[in-house]
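Below is one structure, written out as structure tokens; the observations come after it.
Derivation of every value follows stated rules applied to the coordinates shown; laboratory data play no part. Quantities reported herein were computed from a predicted structural model and do not represent experimental measurements. Backbone-built Cβ (ideal geometry, glycine too); neighbour counts: all protein chains shown.
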Amino acid sequence: MARGLNKNKKKCKKLFTRNPFWATNTRAAQERMTPMYRNSWRRLPSRRSSGQTLVVVAIAMVALIGMLGFIFDTSRVELHRRQTQSAADAAAQAAAFQLLGGLDRDRIEAARATAVSYASDNGVSAANVMVEIPPAAGPHANRDGFVRVRTIHNVNATLSRVFSSSPTMEVAAYATAGVVSIPIGSTMVVLDPTQRSALRVYGDGTFYILSAPAYVNSRDTEAVSIEGPTRITAETLSVAGGVDYPVKVSGRLQTGGLAVPDPFAHLVAPIITSRSEARLPDGTKLYTSPDSGGTAAWPALADIDRDKTLRPGIYWGGIAISKRATVTLQPGVYIMAGGGFSVYGKRTVVSGRDVFIYNTRNPYQPDGAGAYGNCIVSNSAVTLEAPTMASNPAYAGLLIFNDRSSSATISFDNRTSEILRNSLPDQAPIKGFIYSANGRVAIHDGGGSAGMGVVARTVTVEDGGTLGLADRNRIPRVPTVRLVD
């Protein structure tokens with residue numbers, strides 16, 4: 001029995017020795033294993049190294065979470081930065097529009113309130129909106145007519161708080177807007193918002209609108225009426241309403257468009273301050289002209305029927321030039337305090353350079369000779385040029401300004417534009433804009449000029465005519481709002 005047991009032990013020992021799985025603790029077995037298995041056996045981690053791995057993984061996870069949080073919050077901050085900048089831009093521009101009407105205290109306060117309102121509508125708390133009128137810093141510091149707005153938005157931090165103790169991130173934006181002057185971008189603006197035939201073109205000939213677009217604000221379905229064989233040739237004719245015969249319009253025609261504002265609404269008219277004086281927008285005083293036909297108490301028409309040179313100033317009762325007279329108007333401002341301004345006669349010659357005519361009434365004798373009068377240029381050789389910016393910044397490019405309270409007519413019948421519509425700027429007989437916010441401008445028999453523009457309540461054209469901006473030195477500058485910073 002003992003011999004059997006010993007024999008079994010030897011067999012078991014031999015079996016375990018030959019099996020590498022069960023015999024890995026023996027030196028012989030380890031030597032028989034491949035180098036890969038031996039190295040793997042020797043590198044089995046201990047419990048201590050497993051704990052260190054967990055610490056490293058934990059630290060890496062914290063860093064990863066912080067990085068993801070930073071990326072997420074950075075994206076949110078950039079989104080809010082764009083929104084905050086948009087709010088600042090809108091607030092600054094809206095405030096600057098308020099300043100188009102002037103820089104008095106009420107306008108400035110209205111501009112401040114408008115800026116806060118627009119910023120609030122764009123998601124910025126009113127407490128986080130700062131408005132400076134004029135700006136206290138920046139390239140437009142202390143300049144009247146400019147607004148600087150600062151908007152702030154606090155963004156709540158999320159996962160990035162792992163690396164920061166602050167619960168919020170501040171996003172700030174700045175914007176500066178202001179009133180700037182640019183050359184007028186239109187040849188004609190018809191202001192009446194509802195009138196049928198606000199622009200009426202009839203008879204023979206062609207009505208040419210050169211150099212820049214023309215606008216008709218009337219929303220009537222026949223805001224523009226074209227009667228008879230006449231036609232309109234325009235670079236662009238934009239009508240808020242409609243045109244009765246659109247096939248008679250050559251050029252780009254737009255109907256159903258937006259009305260445009262009065263480009264000269266900002267103009268401050270001369271003010272008659274006494275029976276012998278008037279004041280211009282820049283504070284300059286103007287006195288009764290030595291050539292006036294009357295006085296404030298006794299207005300009378302200055303009836304010029306012989307060669308003469310007229311001097312600027314107040315004309316109590318207006319001016320009428322006729323009977324083959326050759327008349328020169330000296331440069332300056334001419335105020336028609338009643339009576340209007342008229343030129344008649346085929347052999348009458350009138351010329352004037354850097355001339356501005358304001359057509360109003362006599363406030364001391366508003367009836368009779370002192371009442372509002374028309375401005376008429378009929379069948380005469382007339383060469384009149386508006387002031388340049390150098391000669392009269394307040395009224396540069398304006399030839400005739402009809403009192404806004406007057407519905408008087410300004411009429412041109414000089415038969416020259418058909419010849420001169422394509423000629424050089426220096427050859428255009430009339431250079432400058434005619435402005436009659438509540439009156440009518442009438443052009444007859446090819447009247448007008450390639451250098452003349454019109455802004456009026458209504459316009460009529462009979463037997464053709466021409467408007468244009470041929471003289472670049474006499475194009476009015478109009479205020480507009482621009483985002484400048």
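Details
- Using θ = phi - 60° and Karplus 6.51 cos²θ - 1.76 cosθ + 1.60, couplings along segment 275-281 (whole Hz; Gly, Pro as x): 6, 9, 9, 9, 10, 8, x
- Computed Kirkwood radius, in angstrom, where 1/r is averaged over Cα pairs of segment 188-479: 18.9
- Ordered by the count of other Cβ atoms within 10 Å of each Cβ, fewest first, Phe97, Phe146, Phe264 give Phe97, Phe264, Phe146.
- Loop-located trypsin sites (Lys or Arg not before Pro) across segment 250-334 with a Cβ neighbour count of 13 or fewer within 10 Å are Arg306, Lys323, Arg324, with loop assigned by DSSP.
- A simple packing score, the average count of other Cβ atoms within 10 Å per residue, orders the peptides 388-394, 325-331 as 325-331, 388-394, with the highest score first.
- Cα centre as origin, Lys/Arg/Asp/Glu Cβ charges: segment 188-479 dipole, Debye: 400
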